[in-house]
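Enquirer: Provided herewith is a single structure, encoded as structure tokens, for subsequent inquiry.
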Amino acid sequence: MPRSLEASEHVARVREDDTGAGYRERLEQRAKEAAAAQQRAGRRIRWVSALCGGLVVVGSLVIIAVTSESSPGRQASLAADPLAPATTPRTVATTAPSPTPVPTVLRQVSTSASPSTTAPKTTATTSQTQAPPPPPAPVASCTVHYAVTDQWPNGFTANVFVTNTGNQTLNPWTTTWNFTAGQRVTHSWNGDYSQSGSRVTMKAVSYNLALAPGATVNIGFNGSFDRGNPAPGGFTLNGTGCSTN
């Protein structure tokens with residue numbers, strides 16, 4: 001029982017202190033101290049902000065100055081000034097020599113030259129301006145070997161070997177001949193044929209358009225006949241007559 005009474009008295013004293021005039025004064029004093037601390041903190045923050053802003057402005061000015069000094073445009077303008085005086089001596093050097101003595105010396109040499117010395121010059125000029133001889137004219141010539149490889153009643157198979165013996169490549173080439181017994185070409189290979197009466201024309205096809213000097217083309221064909229099958233004649237290659245063998 002004595003312990004419980006002491007505890008109740010202590011609680012009663014705390015409550016009286018919390019509700020008395022002294023308690024309110026302490027609260028007001030703490031509030032003033034807190035407000036003063038906030039004002040000091042605010043002043044410090046504003047001072048630090050102003051200092052940082054000043055440093056940023058100074059750093060920006062320094063960066064701008066360094067960038068403008070190292071820019072290519074300023075370096076070009078600074079480098080152009082030392083070259084300006086060099087243009088004056090170059091102009092004077094090009095205009096300084098006088099061309100007057102040169103024609104005088106040439107006139108003296110030409111008047112004092114003897115006919116014997118001028119003759120070789122004329123001969124040399126003539127030899128230099130002489131045109132080269134023209135190239136030899138192209139010569140077209142050919143040989144033909146005609147052979148019947150198979151024959152049956154009213155039909156046959158033959159080959160025409162045409163050799164370019166000229167000195168130029170024929171591109172394209174065309175060969176012709178004349179049948180003498182009314183023979184007719186019905187089918188051909190290695191040549192595109194056409195026939196008018198007894199005249200047969202064979203033209204190059206896409207895979208053998210060029211016929212170089214010394215080269216031979218083998219034209220094959222099937223034909224028909226009514227009155228025998230003698231060998232044709234009048235062979236030509238691109239309009240030039242060919243010899244047969």
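Enquirer: Would it be correct to say that Gly234 is at pLDDT 95 or above, in a strand (DSSP E or B), within 17 Å of Thr174 (Cα to Cα) and among the small types (Gly, Ala, Ser)?
Expert: Values: at pLDDT 95 or above: yes; in a strand (DSSP E or B): yes; within 17 Å of Thr174 (Cα to Cα): yes; among the small types (Gly, Ala, Ser): yes.
Here the answer is yes, as Gly234 does meet what is asked.
Enquirer: Restricting to segment 132-169, count the residues that are at pLDDT below 75 and small (Gly, Ala, Ser). Full working, then the answer.
Expert: Restricting attention to segment 132-169, the residues satisfying the condition of being at pLDDT below 75 are 134-140.
If we keep only those that are small (Gly, Ala, Ser) as well, we get 137, 140.
Of the residues in segment 132-169, 2 are at pLDDT below 75 and small (Gly, Ala, Ser).
Enquirer: Working only within segment 193-223, note down all residues that are more than 21 Å from Thr165 (Cα to Cα) and surrounded by 14 or more Cβ atoms within 10 Å (Cβ to Cβ). Before the answer, list the steps.
Expert: The first filter runs over segment 193-223 and keeps only residues more than 21 Å from Thr165 (Cα to Cα), leaving 193-200, 206, 221-223.
Tyr193, Gln195, Ser198, Val200, Phe221, Asn222, Gly223, listed by residue number.
Enquirer: Same structure, new question: Would you mind stating whether Thr175 is assigned to a strand (DSSP E or B), out of contact with any helix residue (DSSP H, G or I) (no Cβ under 9 Å at 6 or more places or on another chain), assigned by TED's automatic domain parsing to the domain that holds Thr149 and among the β-branched types (Val, Ile, Thr)?
Expert: Answer is yes for this residue.
Enquirer: Here's something else I'd like to know. Considering only segment 163-179, I want to know if a residue exists there that is on the phi < 0 side of the Ramachandran plot and without any contact (Cβ under 8 Å) to a residue 40 or more places away in the chain. Steps first, answer last, please.
Expert: Just the residues of segment 163-179 that are on the phi < 0 side of the Ramachandran plot, to begin with: 163-179.
Next, only the ones that are without any contact (Cβ under 8 Å) to a residue 40 or more places away in the chain stay: 172.
Yes, because at least one residue in segment 163-179 is on the phi < 0 side of the Ramachandran plot and without any contact (Cβ under 8 Å) to a residue 40 or more places away in the chain.
Enquirer: Being in a loop (DSSP other than H, G, I, E, B) and of a type in the set (A, V, I, L, M) is the filter here, so list the residues in segment 178-206 that pass it.
Expert: Scanning segment 178-206 gives Ala181, Ala204, Val205.
Enquirer: Which pairs do you get when a residue that is closer than 20 Å to Gly233 by Cα and in the same structural domain as Asn159 (by TED's automatic domain parsing), found in segment 200-212, comes within reach of a residue that is of a type in the set (Gly, Ala, Ser) and surrounded by 12 or more Cβ atoms within 10 Å (Cβ to Cβ), reach meaning Cβ atoms under 6 angstrom, with the pair 6+ apart or on two chains?
Expert: Hits for this filter: Thr201/Ser194; Met202/Gly191.
The values are calculated or read from the model by the stated rules, or taken from the named source; none is laboratory data. Owing to the predicted nature of the structure, the values given are computational and were not obtained by experimental measurement. As a convention, Cβ positions derive from the backbone with ideal geometry for all residues, glycine included, and neighbour counts pool all protein chains shown.
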